[in-house]
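These notes are about the structure you will find just below.
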């Protein structure tokens, strides 16, 4: 599963807090039944346009990764939860909406489970979706 979240009008104090983003990336995998395999990495980004600054963060999980990109001035956040293990996407959306104090949200959910992929003989590593 690959849950893509675009959050709007988030709390700017949350979006600019390296401590909050780090702690969220550090704790959230366990909350949704995932296995963290790295410490989170959070980096402050200063863009060519000063108003586009924000934080980017990533934590690797055994099942794939969770990433975040914040844009403090417009109150915008992108979050991806990518896992080959199923999770409750509706609950993740609610959690993120509440924790980041979002007033607007757009989401996309893609199927990315390992059991949905087959590797035909002679395909040279090229996968196809099972029918």
Checklist line | Among residues of the range 65-87, those that are closer than 14 Å to residue 30 by Cα and at pLDDT below 95, counted | finding: 4
Notebook entry, point to check: For the range 54-81, what are the residues that are more than 15 Å from residue 6 (Cβ to Cβ) and either in contact with a helix residue (DSSP H, G or I) (Cβ under 8 Å, 6 or more places away or on another chain) or surrounded by 16 or more Cβ atoms within 10 Å (Cβ to Cβ) (or both)?
Noted result: 55, 57, 58, 59, 60, 61, 63, 64, 65, 66, 72, 73
Margin query: Among the listed residues 25, 3, identify the single one that is modelled with pLDDT of 95 or more, in a strand (DSSP E or B) and surrounded by 15 or more Cβ atoms within 10 Å (Cβ to Cβ).
Written below: 3
Notebook entry, point to check: Of all strands (runs of 3 or more DSSP E) completely enclosed by the range 47-103, which ones contain at least 1 residues that are in contact (Cβ under 8 Å) with a residue 60 or more places away in the chain and touching a strand residue (DSSP E or B) at 6+ places or on another chain (Cβ under 6 Å)?
Noted result: 64-71, 76-83
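The values are calculated or read from the model by the stated rules, or taken from the named source; none is laboratory data. These numbers come from a predicted model, not from an experiment. Don't worry about glycine lacking a Cβ; one is built from the backbone with ideal geometry, like all the others, and counts go over all protein chains shown.
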